[in-house]
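Asks: First the structure, then my questions, so here it is.
The values are calculated or read from the model by the stated rules, or taken from the named source; none is laboratory data. Keep in mind it's a predicted model, so treat the numbers as computed, not measured. For neighbour counting, all protein chains shown are included, and Cβ atoms are generated from backbone atoms with ideal geometry for every residue, glycine included. These area figures cover heavy atoms from the full protein model, side chains too; ligands, DNA and RNA do not enter into them. Shrake-Rupley method; radii C 1.70, N 1.55, O 1.52, S 1.80 Å.
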Amino acid sequence: MCIQDLDHILPLVEKPSRYIGGEINTVRKSGDAVALSMALAFPDTYEIGSSHFGMQILYHLLNVRADVAAERVFAPGTDMAAHMKSSGTPLFSLETRRPLSRFDIIGFSLLYELNYTNVLMMLDLAGLPFYARDRDLRHPLIIAGGPCTVNPEPVAPFFDAMVVGDGEPVLPKMADAWIRWKSGGSRDKTELLKTWAGIEGVYVPAFFRPDPGADGCRHMVSVLPGYEKVRRAVAPDLDSLPFPDAPVVPFGRPVHDRLRLEIARGCTRGCRFCQAGMIYRPVRERSLSRLVSLAKNGICATGYDDLSLLSLSTGDYSRLLPLMKHFSDHYGSSRLAMSIPSFRAGTLSQEMMELIRSVRKTGFTIAPEAGSARLRSVINKNISEAEVFDTMKTAFDLGWQLVKLYFMIGLPSETDADVAGIAELVRRLRKARPRVKRGGNINVSVATFIPKSHVPFQWAAQEDPQSAREKIEFLRARLAVKGVDFKWQDPETSWLEGVFARGDRRLAPVLAAAYNRGCRFDGWSDSFDFKTWHGAFSDAGVDPDVFLLQIPFDAPLPWDHIDTGVSREFLRDEYQKAIRQAPTGDCRHGECQECGVCDFDERRPVNADEKTRDNAFSLQSTGMDTGTGAALRDGPEQRMKVSYTKLGPARYFGHLELANILLRALRRAGIRLAYSGGYHPKPKVAFGDALPVGMESMCEVFFMSITDPSDPTEIQSAVNRQLPEGLAVSRCEPAGKKAAPLQTGVVSYGITLPEGTCFDAAALARFDSATSFEMTVTTKKRGERRIDLKSVVAECVLERSDCLRIAILREPGSAIRPSRAVQSIFALPDTILQRCRILKLAEQCDANPESWNQCDIQRGLHG
């Protein structure tokens with residue numbers, strides 16, 4: 001179950017409160033105050049999609065406009081989807097809880113072919129017809145964008161329009177066209193679609209039809225004169241684009257829980273299997289001054305202590321060294337972690353890695369892709385084995401404890417010797433590891449090569465699942481050694497991804513059949529059902545294996561009408577060079593390879609070194625020398641006790657999630673925390689025992705050590721301005737150096753039953769008069785055991801017929817949850833217990849009720 005679902009699964013005593021949707025930096029607008037409302041839909045769970053960089057960009061791009069409101073929606077988990085379907089609850093947005101059917105436009109992000117069934121699930125939950133032909137002006141327009149749109153045909157019948165290429169120059173034009181169309185009073189949807197078709201980068205599927213000849217549906221033919229090709233949209237200068245310098249900070253545990261900074265877009269290394277390296281050309285770099293400004297604003301606005309530099313090949317950014325020097329100088333003392341996910345072996349200089357040593361590190365990844373030099377030449381992965389060894393050794397020497405290696409099987413011309421070469425290379429790398437007690441581990445991930453559209457290998461055949469599994473089993477046996485963790489992608493999911501990667505419109509009814517058979521979240525191993533998919537292909541009368549065969553060079557392709565800029569002739573020539581093992585150089589460091597993308601006017605490589613604003617760039621010129629970083633000297637540490645309340649929607653925050661929220665609020669508030677030492681320094685903050693999810697509290701506490709002593713009331717005010725709904729600091733005060741949260745004493749709780757139910761006074765009387773009252777509890781450490789509730793319940797009093805106050809003794813390792821105690825005393829069924837409001841009222845060192853602060857308790861119960 002995803003965290004987005006809790007607000008629905010747990011019925012609330014009071015009126016429903018916002019949970020997901022109340023994150024820091026969200027934007028809420030009144031629907032009446034804007035001309036266009038748009039839902040940005042991500043066909044996966046909140047944890048996956050909330051940190052997706054493209055959605056963050058579009059959310060900012062649209063919401064900076066006064067006339068447009070953009071809101072987010074994610075795919076609910078399967079259990080939640082079933083609950084919504086059975087209860088008739090429509091899928092709605094997070095910001096205002098508006099049902100999707102009431103938006104003007106719904107825009108889906110298509111990043112991964114195995115999310116396609118989730119698109120249908122979200123349309124179904126919204127009560128919208130799947131096919132564009134079945135929707136009229138009563139329904140929102142359904143559009144899509146993302147890398148999957150370079151072969152849109154498998155899902156084209158479901159969409160009114162699709163954005164091919166960079167969304168920043170396209171989406172505002174589509175919004176303007178919609179607003180003009182709507183304000184003009186037009187009732188002709190085709191008129192709007194024709195206007196959209198005139199915008200570079202917009203594909204309107206209704207204006208193309210499959211050619212009835214030429215192998216079924218392979219070739220698409222335009223039915224709109226002058227609209228034979230859809231040219232990919234390219235943003236020529238990244239510095240001129242709106243960028244989210246105050247991105248939404250997701251709740252929960254998103255997969256990318258850090259500030260993300262796109263330093264460049266595009267790659268011309270020329271790996272012949274890599275779709276991203278072809279469809280995002282040319283390389284465009286952001287200027288150094290722009291990146292420094294964005295990082296400063298983003299860190300201040302989010303409170304993140306982890307920064308990821310995004311690019312297809314981060315090590316190729318031309319100003320990386322001065323950028324890293326800046327971050328090291330200005331964020332070293334604040335222990336900013338640097339995540340650099342896309343370094344290429346051989347591009348890291350010793351100076352660069354020494355700079356990375358100075359900041360807190362995350363993972364380090366090397367992608368040799370193939371196990372032999374011959375096969376690396378075939379795929380144009382021009383790195384040597386020596387570079388892989390040197391890079392790994394340097395990473396371990398500089399403090400990384402884990403190196404991740406990525407390989408593919410099933411590449412064109414692969415032999416058994418190439419597969420064995422993967423195991424041999426990893427085993428040699430293992431022997432070259434440092435001899436240390438901790439760290440020095442290697443994670444190896446293997447995936448089946450999937451030929452995608454618009455790459456040199458788009459004509460290649462894909463390995464069948466059985467053969468791929470045999471290779472994986474061979475590698476798993478060879479790499480079952482200490483210090484190596486072997487992981488692989490399931491060949492059957494790769495099979496399905498390959499079918500949709502090169503499929504055509506015949507696959508749309510297959511998707512509908514698969515959804516109707518129950519397919520959802522097909523990219524998740526615990527959800528993917530190979531047999532059910534085969535049944536769906538059978539239902540639609542489509543042979544999936546025809547999409548995995550070798551394709552002749554002269555055969556029409558389903559994506560021929562999509563012009564990414566890279567010419568078909570260039571791709572064909574690259575395939576033939578692969579057969580000859582001939583290299584293709586990087587045009588950034590040599591002559592133009594004539595791929596076809598650049599016109600050397602608007603479309604050309606943009607190097608950060610060229611930008612005049614960077615020529616005089618210095619660290620002092622940024623104004624960063626007065627910000628968080630080395631320029632600020634740490635003062636003496638001071639211990640502070642912070643008391644806070646956790647009420648309403650905040651009761652759904654888990655303990656680790658709550659800790660993240662509070663730490664980021666402290667950073668946004670400018671509180672300078674003291675840190676521990678070592679390779680992975682941590683802030684000196686101590687939290688009390690975890691509060692169960694769903695329980696509220698008037699008396700939570702944490703202790704922190706700060707290096708810039710401030711007035712406690714100023715700290716309280718500053719932090720409260722940064723907290724989400726339901727969290728509030730009630731008191732901040734100095735504390736002793738060894739002060740820590742209470743581990744023993746008495747905790748009092750208020751428990752309120754759902755409306756229309758009452759506590760059994762006779763059951764309470766029986767408990768009061770009993771000399772002992774046994775109940776069974778189960779803990780991880782002690783297992784199942786019997787305890788006497790009379791020995792741990794210090795007080796149990798009815799405040800009203802539906803409201804109870806109970807005080808429970810607490811000792812380390814033997815805490816009894818109030819819900820279990822009350823359930824045992826009153827024999828409450830789970831259905832009632834789950835709907836109770838449980839409020840932690842106070843913590844006391846003394847077990848004597850006469851010493852308790854009754855004012856605080858009563859205020860909690862009745863306030």
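Asks: For region 91-235, just run the numbers: alpha carbon Rg, then divide by 2.2 N^0.38 Å, N being how many residues it has.
Replies: Against the compact-globule rule of thumb, the ratio is 1.04.
Asks: Projecting each Cα onto the charge dipole of region 740-825 (Lys/Arg +1, Asp/Glu -1 at the beta carbon, about the Cα centre), which of Leu809, Thr744, Ser791 comes out farthest on the positive side?
Replies: With unit charges placed on the Cβ atoms, the residue in question is Thr744.
Asks: Placing +1 on the Cβ of each Lys and Arg and -1 on the Cβ of each Asp and Glu in the chain, which of Leu61, Leu479, Ala41 has its Cα farthest towards the positive end of the resulting dipole?
Replies: Value computed over the given set: Leu479.
Asks: Let me ask something else. Of the peptides 421-429, 269-277, 603-611, 24-32, how do they stack up when ordered by the mean number of other Cβ atoms within 10 Å, highest first?
Replies: The densest-packed peptide leads the list: 269-277, 421-429, 603-611, 24-32.
Asks: With charges set only on the Cβ (+1 for Lys and Arg, -1 for Asp and Glu), what does the dipole of the chain come to about its Cα centre, in debye to the nearest 20?
Replies: 1800
Asks: Over the chain, with the other protein chains present, what is the accessible area per residue in square angstrom, probe 1.4 angstrom?
Replies: Solvent-accessible surface per residue comes out at 40 Å².
Asks: To continue, here is another question. Under a point-charge model restricted to the Cβ atoms of Lys and Arg (+1) and Asp and Glu (-1), what is the dipole moment magnitude of region 444-512 relative to its Cα centre, in debye to the nearest 20?
Replies: Its charge dipole is roughly 140 debye.
Asks: If one computes P(r) from the Cα atoms of region 442-557, what percent of pairs lie at distances over 16 Å?
Replies: 64
Asks: What FRET efficiency would be calculated for the residue pair Arg731, Arg517, taking the C-beta separation as r and a Förster radius of 56 Å, to the nearest 0.05?
Replies: Computed FRET efficiency for Arg731 and Arg517 comes out at 0.45.
Asks: Points 7 angstrom from Cα along the Cβ direction at Asn25 and Ser186: gap in nanometres?
Replies: So the two model labels end up 3.6 nm from each other.
Asks: Which loop chymotrypsin sites (Phe, Trp or Tyr not before Pro) in region 426-510, with loop taken from DSSP, have no more than 16 other Cβ atoms within 10 angstrom of their Cβ?
Replies: Of the chymotrypsin sites (Phe, Trp or Tyr not before Pro), not one in the loops of region 426-510 has a Cβ with at most 16 other Cβ atoms within 10 Å.
Asks: Which Cα, out of Gly635, Leu355, Met80, lies furthest along the positive dipole direction of the chain (beta carbon charges, K/R +1, D/E -1)?
Replies: Toward the positive end, the furthest listed residue is Gly635.
Asks: Mind checking the full-extension length gain between Ser87 and Arg800? Use 0.36 nm per residue of separation minus the Cα-Cα distance, one decimal, nm.
Replies: In short, 253.4 nm is gained.
Asks: Compare the peptides 791-804, 287-300, 78-91 by average per-residue count of other Cβ atoms within 10 angstrom and give them in order, highest first.
Replies: Packing order, densest peptide first, comes out as 287-300, 791-804, 78-91.
Asks: Ignoring ligands and nucleic acids, what accessible area does Thr415 show with a 1.4 Å probe (Å², nearest 10)?
Replies: 60
Asks: How about region 104-206: which trypsin sites (Lys or Arg not before Pro) there lie in a loop by DSSP and see at most 11 other Cβ atoms within 10 Å?
Replies: Of the trypsin sites (Lys or Arg not before Pro), the ones in loops of region 104-206 whose Cβ has at most 11 other Cβ atoms within 10 Å are Arg138, Arg187.
Asks: Here is a follow-up. Just in region 520-582: which trypsin sites (Lys or Arg not before Pro) are loop by DSSP and have at most 13 other Cβ atoms within 10 Å?
Replies: Passing both the DSSP loop test and the Cβ count: Arg580.
Asks: Out of the total accessible area of region 409-456 (probe 1.4 Å, heavy atoms of protein only), what percent is carbon and sulfur?
Replies: 45
Asks: Quick one: if you take sqrt(5λ) for each eigenvalue of the C-alpha gyration tensor of the chain, what semi-axes come out, biggest first, whole angstrom?
Replies: Its equivalent ellipsoid spans semi-axes of 49, 34, 29 Å.
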